[in-house]
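Bear in mind that the values in this text are calculations on the coordinates, not laboratory data. What you are looking at is a predicted structure, and each value in this text was computed from that prediction instead of being measured. Virtual Cβ from ideal backbone geometry, glycine too; neighbours counted across all protein chains shown.
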Amino acid sequence: MNRKGDLEHFSDSLDDMFARLGLSDPAVMAALSTEWDELAGAPWAGRSKPLYVKGSTLVVEASSGSMVAFLRYGEVNLLATLAKRFGEGMIKGIDIQPPGRS
């Protein structure tokens, strides 16, 4: 229920909660997880996995510490691909982390 006592859709409440936490739409994260290798392509596929989106930053875990610097070279292309898939501004940056940091 909202402050006026009216019922509201559960999905609206979830959207509000995710927004307050700085998290993206869960449907975006689900799509990223299931489509990652195809969507991300080289050099990301098989060398990284999406962890979460916070604000407009996609946090990605690299398969090894040495892979972090290597993947940074592909950020611009990945951001362009993500903008085509999810719309401009949904994901504006990528934070590449070594395994186990998150």
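Here are some notes:
- Length available on full extension from residue 30 to residue 45: 0.36 nm per residue minus the Cα-Cα distance, which gives 3.7 nm.
- Neighbour net charge for residue 45 - beta-carbon separation under 9 angstrom, K R +1, D E -1: -1
- Simple label model, 7 Å out from Cα along Cβ direction - residue 73 to residue 101, nm: 1.9 nm
- A dipole drawn for segment 57-99 from +1 and -1 charges on Cβ atoms has a positive end, and of 81, 70, 98 the residue lying farthest that way is 81.
- Radius ratio Rg over Rh of segment 30-72, counting only Cα atoms, Kirkwood formula for Rh: 0.95
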